[in-house]
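> Sharing a structure with you now.
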Amino acid sequence: MATKLSRLYGMEIFTDAGKFLGNIQDFILDFETGEVLRILTEPMPRDKEDVKKMLREKSIMYKSVKSVEDVVVVAKGPGAAPPE
């Protein structure tokens with residue numbers, strides 16, 4: 001199933017256990033494959049060290065997404081997998 005990313009901006013993200021993780025602020029995409037790699041719960045910072053921290057603590061691997069309806073449900077929260 002395909003959906004426009006613009007529809008997802010601002011959506012709330014919850015774990016499958018019901019923990020609120022934040023709202024979708026941005027995405028990291030693989031332009032070669034057209035895949036979404038990560039969901040960001042904060043805008044991408046400019047400083048390299050801040051980017052690393054944000055990827056560890058404020059992003060979710062897209063492969064963890066279980067459902068996208070009124071909210072986004074994910075299997076694991078931030079920090080569950082190291083940045084690629």
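> Within region 17-63, which GluC sites (Glu not before Pro) sit in a loop by DSSP and count at most 15 neighbouring Cβ atoms inside 10 Å? Please list the in-between numbers first.
Working: sites: 32, 35, 49, 57; in loops: 32.
Taking region 17-63 and a limit of 15 other Cβ atoms within 10 Å, the loop GluC sites (Glu not before Pro) found are 32.
> Express in nm, to one decimal, how much length is gained between residue 51 and residue 26 on full extension, taking 0.36 nm for each residue of separation and deducting their alpha carbon distance. Please report the intermediate quantities before stating the final value.
Numbers: separation 25, 0.36 × 25 = 9.00 nm, distance 1.30 nm.
That works out to 7.7 nm of additional length.
> What are the equivalent ellipsoid semi-axes of region 5-74, built from the alpha-carbon gyration tensor (square roots of five times its eigenvalues), in whole angstrom, biggest first?
That gives 19, 15, 11 Å for the three semi-axes.
> Where Lys and Arg each count +1 and Asp and Glu each count -1, what net charge lies around residue 27 among other residues with Cβ under 11 Å from its Cβ?
Local net charge: -2.
> So which trypsin sites (Lys or Arg not before Pro) in region 1-56 end up in coil per DSSP with only 15 or fewer other C-beta atoms within 10 Å?
Those that pass, being in a loop and sparsely packed, are 4, 19, 46.
> A 21 angstrom limit on the alpha carbon distance is what I want to check against. Which of 19/58; 52/76; 19/48; 19/63 exceed it? Please report the intermediate quantities before stating the final value.
Values: 19/58 14 Å; 52/76 19 Å; 19/48 29 Å; 19/63 18 Å.
In this structure, 19/48 exceed 21 Å between Cα atoms.
> Please sort by residue number the chymotrypsin sites (Phe, Trp or Tyr not before Pro) in region 1-42 whose DSSP state is loop and whose Cβ has at most 16 other Cβ atoms within 10 Å. Present the calculation step by step, with values, prior to reporting the outcome.
Working: sites: 9, 14, 20, 27, 31; in loops: 9, 31.
Answer by residue number: 9, 31.
> A further question on this structure: Can you compute the charge dipole magnitude of the chain about its Cα centre, using +1 on each Lys and Arg Cβ and -1 on each Asp and Glu Cβ, nothing else charged? Give it in debye, rounded to the nearest 20.
140
Values quoted throughout were computed directly from the atomic coordinates according to the rules given, and no laboratory measurement underlies them. None of the values given here were measured: they were computed from a predicted structure. Quick reminder, even Gly has a Cβ in these numbers, built from the backbone with ideal geometry, and neighbours come from all protein chains shown.
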